[in-house]
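Engineer: Quick one: this structure, given as structure tokens, is what I'll be asking you about.
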């Protein structure tokens, strides 16, 4: 492994310095180029942490579950990193990040690092910042990363497609079984959790999910991997059957390690490169190239937008100084 | 580079179960476009400083109504110093007598707010303070 200057920020990160980790995550969130510069010398250390994503509707008990899961992992002396994403207001750009409240039991444990992240809402920005934050935690020597995001939507899906094990958390009393079969919820799941298993309706929800999984109702992601998502009934608040979830994650991990984890991870990195490159290219061409002015002029002249876009693309590809 | 957000930790130190004020201020700061981390009740100075470190906040705001501010506030400050983040903008509010406010403001707290403060005034003050700091940092700086 290449030697990293211990006094540099990346050196401090490699040594597990929490302040360095926190600052790098901020840079990742801000799209600050110093993030990439500091991560690069330590890049060979990325890939040792296992990344689990916890998603599900608001109120399903995700934060409580992450807290319980982290506690269980700590019992086996694993270092745990938690990244809790909450939404940014599209109106004010502000966010209230309250996941730490339910993770208080973990907050004085030096083996747990908790970071709250606002979704900030730029296209693909959340996925990028979340992946970067996970990479930084990985370099800092964290063994198990738990990434929590609310809801189901494109931004969340992008985030979840960047973790190793996706845990979808549902709870009884939040609509009938059909709610759980809505597009996107089952498809991303590697493990399904029925939380609040002590509440009436939990058994029914588990049965509905079993039927849905058995019927292979478009369980696209898992089916591609030859994996049938197990259903784990537990109570995060009461601490019931958290070990069942730890075991399910372990089985999924073993399955992926047998069936080409490296390939899967490389495919995700290729996608990351594609996104970063296109974003970079787009900003450069659009910003410096004067394409905006050309587009405005063409549109003012009454040209249809698709024609304008095609002409501008052709102009760039011809290598004309746009 | 994306826009940099002001990150604020709102915390309640010690044995004080009254968090209406802290939650109100947290919501107001959120509505002013800030990212606010609220950690809940009964936080020790160590927990507050550790959260401030991990969340890499720019501002720490303490709310206290129990009367223990002269004990707890300096301890939070000491724990922040111990973690190398004594430079965060440190503020707070609650039921704090004027002479105590003065003492704390001389002891590293930038400003304290008492009952009756318009909530927008707190948000505006934080924004002004942070704009000054961000401008000073915009000049090339090393890692902290």
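Engineer: Give the residue, chosen from A:70, A:60, A:42, that is at pLDDT below 90, at negative phi, buried (at least 21 other Cβ atoms within 10 Å of the Cβ) and not in a strand (DSSP E or B).
Structural biologist: Among A:70, A:60, A:42, only A:60 is at pLDDT below 90, at negative phi, buried (at least 21 other Cβ atoms within 10 Å of the Cβ) and not in a strand (DSSP E or B).
Engineer: Please count how many residues of the range A:1-60 are touching a residue at least 40 places away in the same chain (Cβ under 8 Å) and within 11 Å of chain B (Cβ to nearest Cβ).
Structural biologist: 13
Engineer: Do we find that residue A:111 is touching a strand residue (DSSP E or B) at 6+ places or on another chain (Cβ under 8 Å) and surrounded by fewer than 17 Cβ atoms within 10 Å (Cβ to Cβ) in this structure? I'd like the intermediate steps shown before the answer.
Structural biologist: Details: touching a strand residue (DSSP E or B) at 6+ places or on another chain (Cβ under 8 Å): yes; surrounded by fewer than 17 Cβ atoms within 10 Å (Cβ to Cβ): yes.
Considered against the rule, which asks whether it is touching a strand residue (DSSP E or B) at 6+ places or on another chain (Cβ under 8 Å) and surrounded by fewer than 17 Cβ atoms within 10 Å (Cβ to Cβ), residue A:111 comes out as yes.
Engineer: Okay, next question. Does residue A:196 satisfy being modelled with pLDDT of 70 or more, part of a loop (DSSP other than H, G, I, E, B) and more than 18 Å from the chain's Cα centre (by Cα)?
Structural biologist: In short, yes.
Engineer: Related question: Scan the range B:25-63 for residues that are away from every other protein chain (no Cβ under 11 Å) and modelled with pLDDT under 95 and report the count.
Structural biologist: 0
Engineer: Among the listed residues A:106, A:100, A:120, identify the single one that is facing chain B (nearest Cβ under 9 Å), outside any loop (DSSP other than H, G, I, E, B) and surrounded by 20 or more Cβ atoms within 10 Å (Cβ to Cβ). First the steps, then the outcome.
Structural biologist: On the way: A:106 fails: facing chain B (nearest Cβ under 9 Å); A:120 fails: outside any loop (DSSP other than H, G, I, E, B).
Just a single option satisfies the conditions, and that option is A:100.
Engineer: For the range A:264-322, enumerate the residues that are assigned to a loop (DSSP other than H, G, I, E, B) and surrounded by 13 or more Cβ atoms within 10 Å (Cβ to Cβ).
Structural biologist: Answer for the range A:264-322, where residues must be assigned to a loop (DSSP other than H, G, I, E, B) and surrounded by 13 or more Cβ atoms within 10 Å (Cβ to Cβ): A:289, A:303, A:322.
Engineer: Quick check: is even one residue across the range B:70-82 within 25 Å of residue B:133 (Cβ to Cβ), modelled with pLDDT of 95 or more and within 8 Å of chain A (Cβ to nearest Cβ)?
Structural biologist: no
Engineer: Same structure again: Here is a list of conditions, (1) surrounded by fewer than 22 Cβ atoms within 10 Å (Cβ to Cβ); (2) in the same structural domain as residue A:146 (by TED's automatic domain parsing), and residue A:19 meets all of them except one; can you say which number that is?
Structural biologist: (2)
Engineer: Hey, can you tell me all the residues within the range A:22-39 that are over 19 Å from the mean Cα position of the chain (by Cα) and in a loop (DSSP other than H, G, I, E, B)?
Structural biologist: A:32, A:33
The values are calculated or read from the model by the stated rules, or taken from the named source; none is laboratory data. Everything quoted here is computed from the prediction, not taken from an experiment. When we count neighbours, we look across all protein chains shown, and the Cβ atoms used for this are built from the backbone with ideal geometry, even at glycine.
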